[in-house]
Amino acid sequence: MSPHRNSSKKNCPESANKNSATGPGQFSFNVLVLGLGNILLSDEGAGVKAVEELQRCYDCSGAVEIIDGGTIGLELLPYFEERSHIVIIDAVKTGKNPGTIVRIDDPPAYFRDRTSPHQIGLADVLGIAAITDKLPRNITLFGIEPKQLSTGLTLSTEVAQNLSRLVDMVVAELKTIGINVRAKNK
């Protein structure tokens, strides 16, 4: 099973994924926005739903590839290669109130002590990417505290109410990196 590429050629063209200099003092970014989670387990699907909303509401520059990584594990490793930045969006258990959004600037360190099966998969990918020297220096995780992880296709009220704010934080991060992100006309 492969990750679902939510990007269109216009929005995030494959040809723009080379990390190269474009001229004196200029640098072309190669950013991956990766939404993770299982949409069949309510709030566990928040990362996937966030990347769907990101694509529905915003146009990214060609330097961004947006991937619905679902619950895929090691098969994500090739998507980490030659990236200048990776932004991961996922439901994360931090012990905070449901719907709380957290920013984690060192996801490999954060996942060393996590034990849920989904987070172990990401920890493995990050570990192997580090060992094989394919782990970008710039990785940020935006997580949202889940309320319910039971079978269901809808997010809890707490998570659903903060999903747009989560996407806005990712957009702000992309802009901080230097990516041109524009709101779509609705």
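What follows is calculated from the coordinates using simple rules that are stated; it is not laboratory data. Because the structure is a prediction, the values reported are computed rather than measured. Using ideal geometry, Cβ is built from the backbone for each residue, glycine included, and neighbour counts are taken over all protein chains shown.
For region 28-177, the average shadow cast by the Cα convex hull is 8.1 nm², which is a quarter of the hull's surface. Is the shape of region 118-186 best called rounded, prolate or oblate, per the rule: a/c under 1.5 gives rounded, else a/b larger than b/c gives prolate, else oblate, with a ≥ b ≥ c the square roots of the Cα gyration tensor eigenvalues? Because a/c hits 1.5 or more and a/b fails to exceed b/c, region 118-186 counts as oblate. By the count of other C-beta atoms within 10 Å, a proxy for reagent exposure, Thr157, Thr71, Thr100 are ordered fewest to most as Thr157, Thr100, Thr71.
Could you please rank Asp90, Asp59, placing first whichever residue has the fewest other Cβ atoms within 10 Å of its Cβ? List each step's numbers first, then the result.
Numbers: Asp90 25, Asp59 16.
Arranged by neighbour count, lowest to highest, Asp90, Asp59 become Asp59, Asp90.
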